[in-house]
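Contents: one structure, followed by commentary.
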Amino acid sequence: MSLKSGGSLGMDSQAPKKTMSVPEAGKQYFDLAKNASYEAAARGEIPVIRIGGRLRVPVCQLERMLEGEKLKAAAG
């Protein structure tokens, strides 16, 4: 975190995001629309964590899951 000009703490805009919204992850990683992204998350195909009332996708967990799938495909 960095100190913003107004004296408040904020996220550094250059740092990679550790979580993203379900629609954002669905679009970026799978080219899915909003509803399809939430449906994939409900089926467990996109990992999610609940923060309050919001669902967030942990980027590192999603990328590990995709790497595992890539390794399975290469071995199989």
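Read the figures in this text as sums done on the coordinates, not as results from a lab. Since the structure is predicted, the reported quantities are computational estimates derived from the model, not experimental observations. With ideal geometry, Cβ positions are generated from the backbone for all residues, glycine too; neighbour counts draw on all protein chains shown.
Taking amide H positions as modeled 1.01 Å from N, with prolines and chain starts lacking one, the residues under 5 Å from residue 19 and 5 or more places away or on another chain are 59. When +1 charges are put on Lys and Arg Cβ atoms and -1 charges on Asp and Glu Cβ atoms, the dipole computed for the stretch 18-75 relative to its Cα centre reaches about 220 debye. The slack between residue 17 and residue 60, meaning 0.36 nm per residue of separation minus the straight C-alpha distance, is 14.5 nm.
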